[in-house]
Amino acid sequence: MPIRPGIPAWTDGEPPGFAQPGPGNRTLVSPTHRLAELRGMRVFVADHPVGYITDLILDPIEDTALGFEVEATSGRSYFLPLALTTIPNGHVAVSSPLHMVDDVDYYRRRGRRPDWPAAESLELEFVSGAIVASAG
């Protein structure tokens, strides 16, 4: 007899275990991108090019990325938060131009820039924003 409607009661007092995982396709997905390749990468809103990445803005204390400095085709600079971007095919994609923040100076003053010569051996992990050493 169920304890609550829709939730079965266990007859032996122990909940059933989880099923064993199936064979499936178990490949590792690398959520990283080389830092050196990010600068100069084009930025698109849908299928429209809107600018390119000029710099990466890091957290002032930790080695994590806050977002990108983007120079628009109009010549203006914007801050683009990392959490709102993807890199689908060698370019940065954002779903709306409203995600590009007009006050890039605020983020420049409060963040820091990477040491680009040292960035050759570093990668950006897109899920967490962490700057990590290159695996290969």
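The values are calculated or read from the model by the stated rules, or taken from the named source; none is laboratory data. Only a predicted model underlies this, so the values are computations on that prediction, with no experimental measurement involved. Cβ: placed from backbone, ideal geometry, glycine included. Neighbour counts: every protein chain shown.
So Pro88 passes all but one of these: (1) in contact with a Pro (Cβ under 7 Å, 6 or more places away or on another chain); (2) under 13 Å from Phe126 (Cα atoms). Which condition number does it fail?
Unmet condition: (1).
Which residues, taken from region 100-115, are under 22 Å from Thr32 (Cβ atoms) and in contact with a Leu (Cβ under 8 Å, 6 or more places away or on another chain)?
Gly111, Arg112, Arg113, Pro114
Tell me which of these Phe126 doesn't satisfy, since it passes every other one: (1) out of contact with any Gly (no Cβ under 6 Å at 6 or more places or on another chain); (2) aromatic (Phe, Trp, Tyr); (3) free of Cβ contacts under 8 Å to residues at least 40 places away in the same chain; (4) surrounded by 12 or more Cβ atoms within 10 Å (Cβ to Cβ).
Unmet for Phe126, out of (1) out of contact with any Gly (no Cβ under 6 Å at 6 or more places or on another chain); (2) aromatic (Phe, Trp, Tyr); (3) free of Cβ contacts under 8 Å to residues at least 40 places away in the same chain; (4) surrounded by 12 or more Cβ atoms within 10 Å (Cβ to Cβ): (3).
Among the residues of region 46-85 satisfying the criterion of being under 14 Å from the mean Cα position of the chain (by Cα) and of a type in the set (Gly, Ala, Ser), which is farthest from Leu35 (Cα to Cα)?
Looking at the filtered set, the residue picked out is Ala83.
Which residue pairs have Cβ atoms under 8 Å apart, sit 6 or more places apart or on different chains, and have a first residue in region 102-115 that is part of a helix (DSSP H, G or I) and a second that is exposed (fewer than 15 other Cβ atoms within 10 Å of the Cβ)?
So the pair list comes out as Arg110/Pro60.
Being touching a helix residue (DSSP H, G or I) at 6+ places or on another chain (Cβ under 7 Å), more than 19 Å from Val43 (Cα to Cα), of a type in the set (Gly, Ala, Ser) and not in a strand (DSSP E or B) is the requirement here; does Ala119 meet it?
yes
Can you spot a residue in region 77-84 that is modelled with pLDDT of 85 or more, part of a helix (DSSP H, G or I), of a type in the set (Ser, Thr, Tyr) and crowded, with 18+ Cβ neighbours inside 10 Å?
No, there is no match, as no residue in region 77-84 is modelled with pLDDT of 85 or more, part of a helix (DSSP H, G or I), of a type in the set (Ser, Thr, Tyr) and crowded, with 18+ Cβ neighbours inside 10 Å.
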